[in-house]
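Reading through the structure tokens given below for one structure.
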Amino acid sequence: MLEYPVLPAQRLIGAVRISHPIPPKSVTMESPAFEIMTDLRHSHVAEIEPHATMELANAYMMQRGVRSLFVLNSDRYLQGVITASDILGEKPLRFIQERRVRHNEILVSDIMTPLDCLEAIPIEEVRLAKVGHVVASLREAGRQHTLVMERDFNGEPLICGIFSLTQIEKQLGAAITPTGVAKTFAEIEATLTH
């Protein structure tokens, strides 16, 4: 086995502080869109399996401090997205009425927005965009989140980022007024399936 030298350490004395995360960078509507994108190439994604219960998904979101989870199958392919709005909205109640199941029996796959109902902005568009473009796109669609996609070395689609209205509001330091369309991933799916 390779021998590694011991790292030098210093004894702590006096006043010592603890480092805190740097707050999100303040932006304007003219800032590059990349400054508000959560880059999944540099941060861990919150994910869950489709057969997990809705209650487990909700607890996991609260534990991680997020409002959405990517739903991945056993092969690690995206199957859909589940949001706090999906869990806390009317979708579970409709599912209970339609399927005659108990609340604790609802699975993520039962209420998630499936892959074929999701959209993503190509990374090439984001490279040229400003924060204002992203805000306008989210407002027009009435969404809280939108995905960003690039192509891998085989030309296959790969989700590489996400824009969150909540995160954008934090970085702008101002609330973004909705357009009144208010579509969650769940509402988009409901529109497409009816």
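Residues whose amide H comes within less than 5 Å of that of Met149, counting only those at least five positions distant or on another chain, are Ile121, Ile123, Cys160 (H built at 1.01 Å from N in the peptide plane).
Computed 3J(HN,Hα) for region 46-51, one whole-Hz value per residue from the Karplus formula 6.51 cos²θ - 1.76 cosθ + 1.60 where θ = phi - 60°, is 8, 9, 8, 8, x, 8, glycine and proline marked x.
The structure shown yields volume of the Cα convex hull per residue in Å³, and of the options (i) 221; (ii) 111; (iii) 119 that calculated value carries the label (i).
Rounded if a/c is under 1.5, else prolate if a/b beats b/c, else oblate: with a ≥ b ≥ c from the C-alpha gyration tensor eigenvalues square-rooted, which is region 28-121?
Numbers: a/c = 2.06, a/b = 1.86, b/c = 1.11.
Since a/c reaches 1.5 and a/b is larger than b/c, the shape of region 28-121 is classed as prolate.
Normalised per residue, the accessible area of region 5-114 is 72 Å², obtained with a 1.4 Å probe and no contribution from ligands, DNA or RNA.
What order do you get for 2-14, 134-146 when each peptide is scored by the mean count of other beta carbon atoms within 10 Å, highest first? Don't skip to the answer; put the middle values down first.
On the way: 2-14: 5.0, 134-146: 17.8.
The peptides rank, most packed first, as 134-146, 2-14.
Anisotropy class assigned to region 1-67 is oblate, per the alpha carbon gyration tensor with a/c at or over the 1.5 cut-off and a/b no larger than b/c.
The values are calculated or read from the model by the stated rules, or taken from the named source; none is laboratory data. What you see is a predicted model, and the numbers here were worked out from it, not measured in a lab. Every residue, glycine among them, receives a Cβ derived from its backbone with ideal geometry; neighbour counts consider all protein chains shown. Side chains are part of the model used for accessible areas, which takes the heavy atoms of the whole protein and leaves out ligands, DNA and RNA. Shrake-Rupley method; radii C 1.70, N 1.55, O 1.52, S 1.80 Å.
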